[in-house]
């Protein structure tokens, strides 16, 4: 049996405008069919909808912008491209490099590096290194994606296989975007926030997903407000001088395998409808986890270690389930409880909580005196003499 089957319905357009059967099935994008000198069909990169650019040795902003204005896909070859002005990414356009280790887009001015058009639909930036003029130079942001307030809304923005570094503002800023995806992106050495997501003027249905993203040497890692849904999976925040994760408002947020190492506050979720944290870890921060004013939250197999403040705080929330949480303060000098439940939080259940005390144990290992009702504990190793209960600590 032949491995290949001729498909006469697939046609190739000749130079004179006539068509003939190609006998070739093409899968993928960014490919075109041409004939070799011997008349054998072959696949080649590029198409009429793609423009391939090479560095000019001078300011490349003009040639890149001209290509973005006329092509659906602009591919940057290997090398360093210098841009002295902000690039505007039109709707439905892809700007692609040849890999973060091969293509560098060096921004020499103090403004934003790349801005998506307001109201853009399905625009993508991928496979390149975006380098600003310096962490302490100017106040420009690496990538800005914005929708109008009110409308038109920007939708379907994807950032993939990118490195964003050395900007005097933030790394990535997205506001009023309905559908924002970051995958395999590293943000490094920006002055303010690594990734900033915001919704202004109300609205619903805005969502963002971050997969395999790392943020380091910034002030704050992720600030997100009023997005309906935020999903973080395998995301890391390292060496920050502010907060690592601060999510405010929204209907539902899912955090899986989020890791924080070195920040003031670790993972904070405030004012959300539902929050699910699974396998998240915070180390060497002042405070670890805060779940505040959330109407339904689960923390499964999370860990806080080396916090100088409180590893886990549940504040003013309703219906919170904590399962298999580890608070390891062995190398810390913290005098704060491992778990604080306050702000009249209600319907809090804690299962399989394990604490490791610092060399000098805190006065209270757990403090639930300001909870709004009973806090139920199922399997734990708290010292009963170091439990500040106020009649609200119930062990089953």
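The combined condition, being in a strand (DSSP E or B), out of contact with any helix residue (DSSP H, G or I) (no Cβ under 7 Å at 6 or more places or on another chain) and within 18 Å of residue 121 (Cα to Cα), is fulfilled by residue 181.
Looking across region 269-289, the residues that are closer than 21 Å to residue 346 by Cα and crowded, with 20+ Cβ neighbours inside 10 Å come down to 269, 272, 275, 277, 288, 289.
For region 147-162: of the residues being surrounded by fewer than 21 Cβ atoms within 10 Å (Cβ to Cβ) and assigned to a strand (DSSP E or B), which is modelled with the lowest pLDDT? Restricting to residues being surrounded by fewer than 21 Cβ atoms within 10 Å (Cβ to Cβ) and assigned to a strand (DSSP E or B), the top hit is 155.
Name the residue that is nearest to residue 274 (Cα to Cα), counting only residues in region 225-236 that are part of a strand (DSSP E or B) and more than 10 Å from the chain's Cα centre (by Cα). Per the criteria, the residue is 229. Can residue 363 be described as assigned to a loop (DSSP other than H, G, I, E, B), farther than 25 Å from residue 272 by Cβ and in contact with a helix residue (DSSP H, G or I) (Cβ under 8 Å, 6 or more places away or on another chain)? Criteria met by residue 363. Within this structure, residue 294 fails the test of being part of a strand (DSSP E or B), buried (at least 21 other Cβ atoms within 10 Å of the Cβ) and touching a residue at least 12 places away in the same chain (Cβ under 8 Å).
Matching residues to (1) more than 19 Å from residue 391 (Cα to Cα); (2) touching a helix residue (DSSP H, G or I) at 6+ places or on another chain (Cβ under 8 Å); (3) in a strand (DSSP E or B):
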| position | (1), (2), (3) |
| --- | --- |
| 298 | yes, no, yes |
| 307 | yes, no, no |
| 334 | yes, no, no |
| 337 | no, no, no |
| 347 | no, no, yes |
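The set of residues from region 96-125 being under 20 Å from the mean Cα position of the chain (by Cα), farther than 16 Å from residue 141 by Cβ and outside any loop (DSSP other than H, G, I, E, B) comprises 96, 121, 122, 123, 124. Determine whether region 387-395 contains at least one residue that is in a loop (DSSP other than H, G, I, E, B), within 34 Å of the chain's Cα centre (by Cα) and either modelled with pLDDT of 95 or more or under 19 Å from residue 329 (Cα atoms) (or both). No - not one qualifying residue is present in region 387-395. Of the residues contained in region 126-135, one or more are found to be part of a loop (DSSP other than H, G, I, E, B), free of Cβ contacts under 8 Å to residues at least 60 places away in the same chain and crowded, with 21+ Cβ neighbours inside 10 Å. With the structure loaded, tell me whether residue 214 is under 23 Å from residue 135 (Cα atoms), assigned to a loop (DSSP other than H, G, I, E, B) and modelled with pLDDT of 95 or more or whether it fails that test. Judged against the criteria, residue 214 is not a match.
Please enumerate the residues belonging to region 237-252 that are over 17 Å from residue 276 (Cα atoms) and in a loop (DSSP other than H, G, I, E, B). Result: 239, 240, 241, 242.
The values are calculated or read from the model by the stated rules, or taken from the named source; none is laboratory data. Keep in mind that what you see is a predicted model, and the values were worked out from it rather than measured. When we count neighbours, we look across all protein chains shown, and the Cβ atoms used for this are built from the backbone with ideal geometry, even at glycine.
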